[in-house]
Each structure stands twice: as C-alpha cells, then as structure tokens.
Amino acid sequence: FFLMIRRPPRSTQSRSSAASDVYKRQMWGFIGAHCSYILTVMLSLLAAGEYLLPEFGPDILDDDFESVKYNAQTSFVRSGRARHLFSDEPDYEIYRKIYGPSRHFTILFTAYVAIALFTLLNARLINPGDLNVLRGLSKSRTFIFVILTIIMCQFLIVSHGSVAFNCHSDGLHWIQWLICLSLGAALLPLGIVIRLIFGKSGKNHSLQHANTGSTFTPNSKMKLSESHISVPISDLYASSSSNFNA
C-alpha cells in the first residue's frame with residue numbers, strides 16, 4: 001500500500017515518459033515480489049507450522065496423556081488450527097477453551113508483523129541505485145518513531161497480551177522471536193535483487209528508447225530552449241556525417 005500511494009521521485013517526474021514507465025514497472029515489481037513472499041511464508045506457516053516451528057519448555061498433557069504443547073512425538077509446536085486440513089475433525093479447537101490461544105498462531109502473528117516492518121523499510125528507497133535502504137534513515141525521525149512504536153507494542157502484546165490479544169499465555173521463546181525477525185529480514189536481500197533486476201532492465205529500456213528516437217512537439221504556450229529540443233539519434237548522426245563530408 002505504501003508503494004502504491006507513493007509518488008515517483010522528482011528526478012523521475014522531470015524526465016521522459018519512458019523513465020516514468022520504468023519507475024512504474026519497478027514499483028509493481030516490488031509490490032508483486034513482496035506480496036508473493038508474504039503469501040508464501042504465511043501459507044506455509046499456517047499449513048505446516050507444526051513441522052517447521054520449534055517449541056520449547058515443559059510439556060502439557062491432557063486427560064488422555066496426549067501432548068497439548070508439542071506436535072505428536074516431535075519438538076515442534078502443536079498446530080493452532082481449529083480443524084485439521086481438508087477435514088472437519090477438530091484439532092486445537094478442543095484445547096483452546098482450556099489452554100488458551102496457541103503458540104503456533106502467536107508465531108504466525110509475530111512473523112506477519114515482522115515482515116510488514118521490513119516491507120516498510122524496503123519501501124523507503126526503490127530506485128535501482130539505492131541498494132542501501134538505511135541511507136538517510138537517521139534524518140527520518142518520524143519513520144524511526146513509527147518503527148520503534150510498532151516493535152514496542154508488538155512485544156508488549158505478545159508477551160503480556162495473552163487472551164485479550166489472542167496470544168499464547170507464555171508469549172514466545174527468544175528463538176521463536178529470532179525466527180520471526182529472520183523471516184522479515186529476508187526481504188532485505190530480496191529487495192536488493194529486485195533493484196538489480198529492474199535497474200538492468202531500466203537501462204536497456206532507456207537505451208532502446210534513445211535509439212528509436214523520440215521527438216518533442218511544443219505547444220504554443222511553451223518557450224523553446226535547447227533543453228526542450230530532442231531529435232532522433234539517427235538524424236543527428238546523419239547531420240554530423242553530412243557536415244563532415246562537406
């Protein structure tokens with residue numbers, strides 16, 4: 001959403017429509033790549049979190065001596081889904097009223113917020129040459145305040161929110177926090193790859209646009225100047241060749 005409402009930089013607005021098209025493709029490429037990453041991570045954790053996310057601490061057994069905290073005979077979290085996948089058989093739904101929200105969904109919630117934070121960080125600079133998203137961050141005090149506020153609120157909600165915010169009563173283990181942060185931080189190298197890809201394609205598009213030539217037709221209200229006049233490169237080459245031959 002931040003990228004969709006963002007205006008192109010002034011340097012791009014003052015250039016030709018070709019430069020604006022390159023910027024638009026780069027912006028939509030960013031949006032598409034980030035959305036694909038978010039959907040992949042969230043759906044994977046939702047469908048297979050009990051095989052991917054580790055659990056820690058003493059186990060809790062129900063009346064049938066089945067584990068409530070761990071996945072069956074493993075060291076991973078128990079599924080927090082209300083029902084089993086592709087089935088109406090209840091899963092964590094039978095334990096929720098007694099033991100509260102699951103750790104599985106608490107990790108899912110925290111991972112989503114971490115990914116959203118790094119998405120905001122990636123969206124600060126999307127130009128091909130801006131590989132360092134931290135450049136100029138110290139000057140954006142409002143941005144820093146928003147990021148720190150979100151981090152503090154997320155920590156308080158997960159650690160002390162419990163049932164009021166639909167989070168596990170014990171919060172998250174520090175390793176689970178690191179997993180969530182790692183899933184978010186993975187967007188930084190993804191952003192660099194996108195910038196490099198669109199930077200290369202943008203140069204090729206600009207070169208192709210220059211070779212095909214683009215003429216500028218002024219209206220009656222414009223004042224002609226050397227900076228406003230552009231002619232096809234082929235015409236310039238032909239003119240220079242004729243002058244040289246003469």
Self-check item: Vicinal HN-Hα couplings computed from phi for region 165-174 (Karplus, 6.51 cos²θ - 1.76 cosθ + 1.60; Hz; Gly/Pro x)
Solution: 10, 6, 10, 4, 5, 9, x, 10, 6, 4
Practice problem: Can you figure out the FRET efficiency of I192 with K139, using R₀ = 30 Å and their beta-carbon distance, to the nearest 0.05? | Solution: 0.90
Self-check item: Where only C-alpha atoms are counted, convex hull volume of region 28-88 per residue in Å³
Solution: 104 Å³
Practice problem: Restrict the search to region 26-101; then list the chymotrypsin sites (Phe, Trp or Tyr not before Pro) that DSSP places in a loop and that have at most 12 other Cβ atoms within 10 Å of their Cβ. | Solution: F65, F86
Self-check item: Amide H within-cut-off set for V77, under 5 Å, with H built and near neighbours excluded
Solution: L53, E55, N71
Practice problem: Run the quick spin-label model on I94 and S36: label points 7 Å from Cα toward the beta carbon, then report their separation in nm to one decimal. | Solution: 4.1 nm
Self-check item: Heavy atoms of S138 accessible to a 1.4 Å probe, total area in Å² rounded to 10
Solution: 90 Å²
Quiz item: What are the residues whose amide H is under 5 Å from the amide H of A123, where those residues sit 5 or more places off or on another chain and H is modelled from the backbone?
Solution: none
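The values are calculated or read from the model by the stated rules, or taken from the named source; none is laboratory data. Every value quoted in this text rests on a predicted model; they were computed, and no experiment measured them. Glycine gets a Cβ as well: all are built from the backbone with ideal geometry, and neighbour counts include every protein chain shown. Ligands, DNA and RNA are stripped out before the accessible areas are found, and what is left, the full protein with its side chains, is counted by its heavy atoms. Shrake-Rupley method; radii C 1.70, N 1.55, O 1.52, S 1.80 Å.
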